[in-house]
Every structure is written in C-alpha cells, then in structure tokens.
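Working notes, structure below.
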C-alpha cells in the first residue's frame with residue numbers, strides 16, 4: 001500500500017500524535033498496523049475482525065484522534081459504514097477513490113503524474129480565484145460498481 005517500513009511509519013505517526021498532544025498508545029499502534037496491512041479503505045467492523053484485542057468503543061475514539069492528527073482519512077459512503085485508511089501524508093502514496101453509491105464499496109486508483117500535475121494546477125487556480133489557499137486535494141468519484149449496475 002506504499003506505507004514504507006513499519007519503523008518509519010511508527011516514527012511518523014508518533015511524531016504527528018505528539019504534535020497534537022496525544023500519545024502513541026498500544027491501541028492506536030494496533031489500528032495503524034491494521035490499516036497499513038489493509039488492501040484498501042476498511043470499515044470499523046473489518047478492522048475489529050482483524051484484531052481481536054481492539055474494542056469497538058476505543059476503536060471509535062482512537063480513529064477520531066488519528067483522523068484529527070492527519071494520520072487517518074475517513075471516507076463517507078452511501079451505505080451506513082464509513083471506510084478508513086492511512087492518510088496520503090503518512091503513506092506517501094497519493095491516490096483517489098471510486099465510491100459506489102449503491103453498496104458503499106471504495107476502490108483506490110491513481111492517475112498518471114502529468115495528469116495529477118494538471119489537476120493540481122487547475123485546483124490551485126480555482127482556490128486562488130475564491131480567496132482560498134489549497135493544501136492538497138482528494139478526489140472521490142461517486143457512481144455504481146459493476147455489482148450494483
């Protein structure tokens with residue numbers, strides 16, 4: 001998934017949490033490791049099924065802390081479950097999502113570097129025209145997967 005090796009990831013996560021006055025607890029480390037091992041964005045129930053040491057209540061709390069610190073990105077879908085993944089800033093793997101409006105499936109995709117650069121230029125221009133300072137972008141394409149037709 002482009003997360004680099006675990007020591008570098010854990011050092012980066014610990015530094016980001018420290019900058020937000022949070023500790024890198026055992027539960028948060030287990031969440032980060034579960035997300036790093038996932039093939040794509042996952043639901044809380046999928047996270048919990050991968051690590052029986054995690055409780056639901058602390059998983060919700062810790063995901064909120066990790067999201068606030070810019071470590072985790074939450075993808076809201078049309079089904080009743082958000083999906084979670086490590087943020088691009090942590091993985092150093094910039095990508096976008098296909099989100100099914102029917103079943104909530106989320107698939108990752110990338111675009112060629114030259115197209116990504118063009119998209120960045122256009123988005124910065126839009127931001128400037130509206131008095132907005134752009135830091136980064138996320139692109140989610142909403143539609144229907146093959147199964148939902």
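The numbers here are math on the coordinates, done by the rules we state, and not lab data. What you see is a predicted model; the values in this text were computed from it and never measured. Note that we place each Cβ from the backbone using ideal geometry, even for glycine, and neighbour counts take in every protein chain shown.
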So, in nm, how far is label residue 130 from label residue 29 when the simple model puts each one 7 Å beyond its Cα toward the Cβ?
-> 4.2 nm
The chain: relative contact order from alpha carbon pairs under 8 Å, six or more residues apart, as a whole percent, is 21 percent
Calculate, for residue 103 and residue 49, the FRET efficiency according to 1/(1 + (r/R0)^6) with r their C-beta to C-beta distance and R0 22 Å; round to the nearest 0.05.
-> 0.75
Could you compute the FRET efficiency for residue 56 and residue 139, with r as their C-beta to C-beta distance and R0 at 35 Å, rounded to 0.05?
-> 0.70
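Between residue 8 and residue 146, how high is the FRET efficiency from 1/(1 + (r/R0)^6) when r is the Cβ-Cβ distance and R₀ = 30 Å? Nearest 0.05. Could you put the intermediate results ahead of the total?
Values: r = 37 Å, r/R0 = 1.22.
So the FRET efficiency works out to roughly 0.25.
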If each residue's Cβ is checked for other Cβ atoms within 10 Å, how do 77, 110 rank with the fewest at the top?
-> 110, 77
Length added when fully stretched, residue 116-residue 68, from 0.36 nm per residue minus Cα-Cα = 14.7 nm
Most mobile listed residue (131, 70, 104) in the chain, GNM with C-alpha springs under 10 Å = 131
